[in-house]
Amino acid sequence: MSGAGEGGERTRVIRTDYLARVEGEGAMYVKLDGREVTDVKLRIYEPPRFFEALLRGRAFTEAPDITARICGICPVAYQMSSVRAMEDACGVAIDSGPLRDLRRLLYCGEWIESHSLHVYMLHAPDFLGYAGAVEMARDHREIVEQGLQMKKAGNALMAAVGGREVHPINVRVGGFYRAPAPGELRALHDPLERALETALATVRWTATLPFPDVERAPELVALSEPGAYPIDRGAIRSDGGLEIPPAAFDEHFVEEHVEHSNALHARLRERGTYLTGPLARYALASQELRPLAAEAALAAGLGAVCRNPFQSIVVRAVELVQACDEALAIIDSYEQPEAPAVEVIPRRAVGHGATEAPRGLLYHRYEIDEDGTILDARIVPPTSQNQLAIEQDLRTVVEGGLDLPEDQLKLRCEQAIRNHDPCISCATHFLTLTLDRG
Amino acid sequence: MAEADPASLPARDAANAPARVAVIGVGNSLRHDDGAGLELAGSLRGRVDPAEIAVIEQEGEALGLLERWRDAAAVVIVDAVRSGAPAGTVHRIDATRQPLPADLHSSTSTHAVGLREAIELARAIGRLPARVLVFGVEGERFDAGSGLSDPVRAVLGALAEEVLQTARGLSA
């Protein structure tokens, strides 16, 4: 639905009440006065407060399964942030060994699933000039087939480690209910090899897409750990010099209510807008990419830092290579752990967990009682953290595209939002996006 | 639940729509009426011979359907919808040759790839089962929380019987 052309000559409003191809429903609203952008709003209607309330009074061991249900696209991220937070509260750290490897392996499966959905089905149509994946499929069946093949490889990983493809049930505080036998993982080798080849081809292909010349400057924030590309643990770092443990999240990040949205907008105290997700991970940790992914990035023309959000499709493709290659390495060296989990004994404490969901940093904080009862829960999803940065991208895109025809400018705005793969169902389910030329 | 002797069944992957006919419930059980399709599918599990009719519960984005119905010749899909009709209204749509109506918002159409898009994507690349029947039950509330609204719950039992008869008719 479009309300383009409302109002008089001088002011105009661009709005989209239904935003396609994001994980949820979105509304975007941009108001212009002459050639000046006077208002930009990305509206999000519902924070994960229902789940935070649901968690209170439940056992600390229930958090991974409850929070996994917040999002159908990134359940593993919710499980991983919650188990890390609970283990942190109980004084347990799984920072190496086969249990951590299995967690990274499961997380690789989610990255592969989520990134391939976004790259092939949601983002590609923007660059090839189609309204959506269905229209694109009629002319470019091979792209859709590649996406499905990649997604299937991710599904197989999720099923082997997580117990099933959607909402994995095998994850627990302390590890897993059951560790897969080496043979079960070896069976994934060949499909993953094929997925890796497809991912490498995808980096080459995405690099040839036409990108508008846009450079954005939010502070980039990602997890950081020497020797590993950020997925499942690490300090929170930024390109502005921030380096803190997840436990210090609240000292440096603040969430604010804004009138137009039920979601909270997160910002860095005294510094403002920041961005998490593929561009931030790549900028802060490209030196930690595995050689195949690093070579692919170099050949694709990505520098050490990429600040063009439209090029996030290339960075996601590089992360697909990274995830496939790392999954293969874990599988090839896997030795079944003696026990599928370590014992975690509850105590009265507060715990923090931060991991890298496909679309950015996901922070959990829990306060638990001595018997493990959850007293308080807080969840800060990546999309609410990225919301301000997305709104600023919208402003830049509109200011740079004032002379574009109405429909093209609107499309460019929608693309600016899709660049960040907002998982609006994490921050909300029914979101509306409105772009407005009054 | 009557357990079939595994040795008597053809070798099939239970995750991939083993039978020729599949009943697929789509939705999100923590979005009130959005869970209607899942609950209906769950109620049929154990009432059917899995070698005859596969019962599949599909949560999350709908693109996964393309893999899950891969081996099925016919699928019966149950989902909660919002079209403006009174809650509990059942829409019966044959999507074998035509798309779902655009104004019939299935619950999953609020996601990246919804039921309508998944069906059309499958049609475009030749991965649509030969018969696709969709039962859409009009929901009342889709906010976060569990439990179906009264109008939806009131029709679910009869709808389950109709879905079962439809699936049996397709597998005959």
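Is it the case, given these coordinates, that A:H118 is outside any helix (DSSP H, G or I) and within 11 Å of chain B (Cβ to nearest Cβ)? First the steps, then the outcome.
Working: outside any helix (DSSP H, G or I): no; within 11 Å of chain B (Cβ to nearest Cβ): yes.
Criteria not met by A:H118.
With the condition being in contact with a helix residue (DSSP H, G or I) (Cβ under 8 Å, 6 or more places away or on another chain) and of a type in the set (V, I, T), I'd like the helices (runs of 4 or more DSSP H) fully within segment B:58-172 carrying at least 2 qualifying residues. Quick ask: steps written out before the conclusion?
Working: elements: B:65-68, B:115-124, B:150-171.
Ranges flagged: B:150-171.
To keep it simple, each residue is scored yes or no on (1) touching a residue at least 60 places away in the same chain (Cβ under 8 Å); (2) surrounded by 20 or more Cβ atoms within 10 Å (Cβ to Cβ).
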{"position": "A:R56", "(1), (2)": "yes, no"}
{"position": "A:A63", "(1), (2)": "yes, yes"}
{"position": "A:C71", "(1), (2)": "yes, yes"}
{"position": "A:C74", "(1), (2)": "yes, yes"}
{"position": "A:A77", "(1), (2)": "yes, yes"}
{"position": "A:E87", "(1), (2)": "yes, yes"}
{"position": "A:V92", "(1), (2)": "yes, no"}
{"position": "A:S96", "(1), (2)": "no, no"}
{"position": "A:L99", "(1), (2)": "yes, no"}
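Being farther than 30 Å from A:P337 by Cα and under 17 Å from the mean Cα position of the chain (by Cα) is the filter here; which residues of segment A:101-140 pass it?
Answer for segment A:101-140, where residues must be farther than 30 Å from A:P337 by Cα and under 17 Å from the mean Cα position of the chain (by Cα): A:S116, A:L117, A:H118, A:V119, A:Y120, A:M121, A:L122, A:H123.
If A:R233 satisfies every condition in (1) at pLDDT below 95; (2) surrounded by 14 or more Cβ atoms within 10 Å (Cβ to Cβ) but one, which is the exception?
Against the list (1) at pLDDT below 95; (2) surrounded by 14 or more Cβ atoms within 10 Å (Cβ to Cβ), A:R233 comes up short only on (1).
If you go through segment A:319-357, how many residues are assigned to a loop (DSSP other than H, G, I, E, B) and of a type in the set (A, V, I, L, M, F, W, C)?
Here the count works out to 4.
If you go through segment A:186-204 one residue at a time, do you hit one that is crowded, with 22+ Cβ neighbours inside 10 Å and assigned to a loop (DSSP other than H, G, I, E, B)?
Checked segment A:186-204: at least one residue is crowded, with 22+ Cβ neighbours inside 10 Å and assigned to a loop (DSSP other than H, G, I, E, B).
If A:D232 satisfies all but one of (1) among the acidic types (D, E); (2) outside any loop (DSSP other than H, G, I, E, B); (3) in contact with a Phe, Trp or Tyr (Cβ under 8 Å, 6 or more places away or on another chain), what's the number of the condition it fails?
Status for A:D232: all satisfied but (2).
On the given criteria, is A:A217 of a type in the set (A, V, I, L, M, F, W, C), modelled with pLDDT under 95, in a loop (DSSP other than H, G, I, E, B) and on the phi < 0 side of the Ramachandran plot?
It is true that A:A217 is of a type in the set (A, V, I, L, M, F, W, C), modelled with pLDDT under 95, in a loop (DSSP other than H, G, I, E, B) and on the phi < 0 side of the Ramachandran plot.
Just to be sure before I move on: is A:N170 within 11 Å of chain B (Cβ to nearest Cβ), surrounded by 15 or more Cβ atoms within 10 Å (Cβ to Cβ) and either in contact with a Phe, Trp or Tyr (Cβ under 7 Å, 6 or more places away or on another chain) or of a type in the set (S, T, N, Q) (or both) in the structure I sent?
When the stated conditions are applied, A:N170 does not pass them.
It is to be established whether one or more residues within segment A:304-321 are buried (at least 16 other Cβ atoms within 10 Å of the Cβ) and farther than 23 Å from A:D421 by Cα.
Looking for residues that are buried (at least 16 other Cβ atoms within 10 Å of the Cβ) and farther than 23 Å from A:D421 by Cα, one finds none in segment A:304-321, hence no.
For segment A:264-301, give me each residue that is touching a residue at least 24 places away in the same chain (Cβ under 8 Å) and in a loop (DSSP other than H, G, I, E, B).
In the first step, residues of segment A:264-301 are kept if they are touching a residue at least 24 places away in the same chain (Cβ under 8 Å); the result is A:264-268, A:271-285, A:288-290, A:292-293, A:296-297, A:299-301.
Answer for segment A:264-301, where residues must be touching a residue at least 24 places away in the same chain (Cβ under 8 Å) and in a loop (DSSP other than H, G, I, E, B): A:R271, A:T273, A:T276, A:G277, A:L289, A:R290, A:A300, A:G301.
Can you tell which of A:V350, A:V344 is touching a Cys at 6+ places or on another chain (Cβ under 7 Å) and within 14 Å of A:F60 (Cβ to Cβ)?
Unique residue meeting the criteria: A:V344.
Taking only segment A:52-102 into account, find how many residues are of a type in the set (A, V, I, L, M, F, W, C), closer than 16 Å to A:H364 by Cβ and in a helix (DSSP H, G or I). Break it down stepwise before answering.
To start, the set of residues in segment A:52-102 that are of a type in the set (A, V, I, L, M, F, W, C) comprises A:53-55, A:59-60, A:63, A:66, A:68, A:70-71, A:73-74, A:76-77, A:80, A:83, A:85-86, A:89-90, A:92-94, A:99, A:102.
The next check asks that each one be closer than 16 Å to A:H364 by Cβ; those that pass are A:53-55, A:59-60, A:63, A:66, A:68, A:70-71, A:74, A:76-77, A:80, A:83, A:85-86, A:89-90, A:92-94.
Of the ones still in play, those that are also in a helix (DSSP H, G or I) are A:53-55, A:60, A:63, A:66, A:68, A:70, A:76-77, A:80, A:83, A:85-86, A:89.
Counting residues in segment A:52-102 that are of a type in the set (A, V, I, L, M, F, W, C), closer than 16 Å to A:H364 by Cβ and in a helix (DSSP H, G or I) gives 15.
What single numbered condition from (1) under 15 Å from the mean Cα position of the chain (by Cα); (2) away from every other protein chain (no Cβ under 14 Å); (3) modelled with pLDDT under 85 fails to hold for B:N28?
The failed condition is (2).
Can you name every residue in segment A:341-394 that is within 29 Å of A:E219 (Cβ to Cβ), at pLDDT 95 or above and of a type in the set (G, A, S)?
A:G351, A:G353, A:A354, A:A357, A:G360, A:A377, listed by residue number.
Give me the residue from segment A:267-303 that is of a type in the set (D, E) and surrounded by 14 or more Cβ atoms within 10 Å (Cβ to Cβ) and, out of that set, farthest from A:A207 (Cα to Cα). Full working, then the answer.
So in segment A:267-303, the residues of a type in the set (D, E) come out as A:270, A:288, A:295.
Filter once more, keeping what is surrounded by 14 or more Cβ atoms within 10 Å (Cβ to Cβ): A:288, A:295.
Details: A:E288: 21, A:E295: 13 Å.
So, considering only residues that are of a type in the set (D, E) and surrounded by 14 or more Cβ atoms within 10 Å (Cβ to Cβ), the one farthest from A:A207 (Cα to Cα) is A:E288.
Hey, among B:A95, B:A85, B:A73, B:A158, which residue is without any contact (Cβ under 8 Å) to a residue 40 or more places away in the chain, hydrophobic (A, V, I, L, M, F, W, C) and surrounded by fewer than 19 Cβ atoms within 10 Å (Cβ to Cβ)?
After ruling out the rest, the residue left standing is B:A158.
Do we have A:C108 as of a type in the set (A, V, I, L, M, F, W, C) and away from chain B (no Cβ under 14 Å) here?
Criteria met by A:C108.
Condition (residue is over 28 Å from A:H118 (Cβ atoms), away from every other protein chain (no Cβ under 14 Å) and surrounded by fewer than 20 Cβ atoms within 10 Å (Cβ to Cβ)) applied to segment B:99-119: is it met by at least one residue?
no
Considering every residue within segment A:141-160, establish whether at least one is surrounded by 24 or more Cβ atoms within 10 Å (Cβ to Cβ) and closer than 25 Å to A:E338 by Cβ.
yes
Please go through segment A:350-372 and give me each residue that is of a type outside the set (D, E, K, R) and surrounded by fewer than 16 Cβ atoms within 10 Å (Cβ to Cβ), ordered by number. Reasoning before the result, please.
Of the residues in segment A:350-372, the ones of a type outside the set (D, E, K, R) are A:350-355, A:357-358, A:360-364, A:366, A:368, A:372.
Listed by number, the list holds a single entry, A:V350.
The values are calculated or read from the model by the stated rules, or taken from the named source; none is laboratory data. Fair warning: this is a prediction, and the values are worked out from it, not measured in the lab. In this analysis, Cβ positions are derived from the backbone assuming ideal geometry, glycine residues included, and neighbour counts consider all displayed protein chains.
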